[in-house]
Amino acid sequence: MRKLWKTLLVLVILAGASAAVYALSRNSKKTDGTKEVEVTTGSIVEKAVAVGQIQPRQKFQVKSKISGIVRRALIQVGDTVKAGDPLFEIGPDPTPLEVTEVDRRVESAAASFRRAQTDYQRSVDLSRSGVLPKSDVDAKKEAYELASVALNKAQQDRELTRRGRLTQSSTESIIRAPAAGTVLTRSVNPGDPIVPLTSYQPRTEMATIADMRDLIFKGTVDEIDVGKLSAGMPTRIKVGALPTDVVTGHVSRIAPQAQQKEGATLFDVEVELDPTTKITLRAGYSANADVIIREKKDVLVIPERLVTFEDGGKKATVELAGPKTKAPAKKVEIKTGISDGLNVEVLSGLKKGDRVVERPPKEIS
């Protein structure tokens, strides 16, 4: 009986040891970080990302032709206006150059008047002596009268300019809308000075108007992707303020020249929004546009991180897991198609259901 118990005890110990060894062997495979990823079928989209904003197709800056002070602002941001609607009333404020100019005109008109007066008086004297015909006297008289009118006009202009009033039509002191649209910005308030265009400074921008019914996407795309783009390509636009909505459209313009921004070479692109878009958009919304270059459905795909590219990207390989658990993985060459940056299309070298080895990243000591 004692021998039987000893035999059973030995068998139990051996069984436990075998189980422990098996468990350790299994755990060693799991803890080395190696995984297997199955080759599946799915859709893949090759795209280029443009970063930008929703903007009106055209924006109009409202500026004044005259200098002065804003007397009244007749609009608020968000107002809808028609072309020609009054926006601001300006009280003209003459510049030193304008004052000098009107003074010069008065001096010139006064000199012309004195000459005409002298010529007319001389013609009268000569006519009395019978030397000059009456028709010549009449011509001199007309010139004298015209010079008198011109002098009076120049003096009135000088007075009006110095008093801050216009010499021409009073409508020039009313700044009107250059086009129909919505007021996006208003940069001046009553009492603010207005500067006209000069050779050394631009005119004061008073307001901005745009047609909010005609919006487009304006953005930039990296030089790496711009060569793949062409007008008419479909786009899907994600607006930052509307995370659950997608706006569709198509590429309408690609800039022929790059711009440098923060060390990157970028190209401007514009996207025409589809007219069926019912989403309420606002000027200045930040957005990203995915330009669809190519799209394939029901193709073999694997994560691109599993692929090793060699020879400058000409050769692609993966580690194919063995058919059995203990079978070693083998390196196989595959041919890849389009990529979306995360997954890549497999054209040959693998089939659906194959398992590709994914090894953990190497630690840098």
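Bear in mind these aren't lab numbers, they're just calculated from the coordinates by the rules spelled out. Since we're looking at a predicted model, the values are computed, not measured. Don't worry about glycine lacking a Cβ; one is built from the backbone with ideal geometry, like all the others, and counts go over all protein chains shown.
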Problem set entry | Whole-number percent relative contact order across the range 96-162, with pairs defined as alpha carbons under 8 Å at least 6 apart | 51 percent
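Based on Cβ point charges of +1 for Lys and Arg and -1 for Asp and Glu, what charge dipole magnitude is obtained for the range 96-162 about its Cα centre, in debye rounded to the nearest 20? List each step's numbers first, then the result.
Working: 12 positive and 12 negative charges, 43 e Å.
Magnitude of the dipole: close to 200 debye.
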Exercise. Any idea what the relative contact order of the range 31-155 is, in percent, if you count C-alpha pairs under 8 Å spaced at least 6 apart?
Worked result: 19 percent
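Tell me, what is the FRET efficiency for residue 129 and residue 153 to the nearest 0.05, using R0 = 35 angstrom and their Cβ-Cβ distance as r? Mind showing how you got there, number by number?
Working: r = 34 Å, r/R0 = 0.98.
After rounding, the FRET efficiency stands at 0.50.
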For this session: Can you find, among 131, 149, 102, the residue farthest towards the positive end of the dipole of the range 96-162? Put +1 on the C-beta of Lys and Arg, -1 on that of Asp and Glu.
Result: 131
Problem set entry | Volume per residue of the C-alpha convex hull in the range 210-344, rounded to whole Å³ | 189 Å³
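Around residue 314, with a cut-off of 14 angstrom between Cβ atoms, what is the net charge of the other residues, counting Lys and Arg +1 and Asp and Glu -1?
Values: positive: 315, 335; negative: 310, 311, 333.
Net charge around residue 314: -1.
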Problem set entry | Debye, to nearest 20: dipole size of the range 225-295, +1 on Lys, Arg Cβ, -1 on Asp, Glu Cβ | 80 debye
For this session: Could you tell me which of 357, 337, 316 has its Cα farthest along the dipole of the range 316-358 towards the positive end, charges placed at Cβ (Lys, Arg +1; Asp, Glu -1), taken about the Cα centre?
Result: 357
Exercise. All other residues with a Cβ under 11 Å from the Cβ of residue 74 taken together, and with Lys, Arg as +1 and Asp, Glu as -1, what is their net charge?
Worked result: +1
Exercise. Each label point is 7 Å from the Cα along the Cα-to-Cβ direction; what then is the distance between the points at residue 65 and residue 119, in nm?
Worked result: 3.2 nm
For this session: Between the alpha-carbon centers of the range 84-163 and the range 240-305, tell me the distance in whole angstrom.
Result: 65 Å
Problem set entry | Local electrostatic count, residue 147, Cβ distance below 12 Å [Lys/Arg +1, Asp/Glu -1] | +2
Problem set entry | Dipole magnitude of the range 29-94, debye to nearest 20 (Cβ charges: Lys/Arg +1, Asp/Glu -1, about Cα centre) | 160 debye
Problem set entry | Spacing of the two label points (7 Å from each Cα toward its C-beta) at residue 362 and residue 296, in nm | 3.1 nm
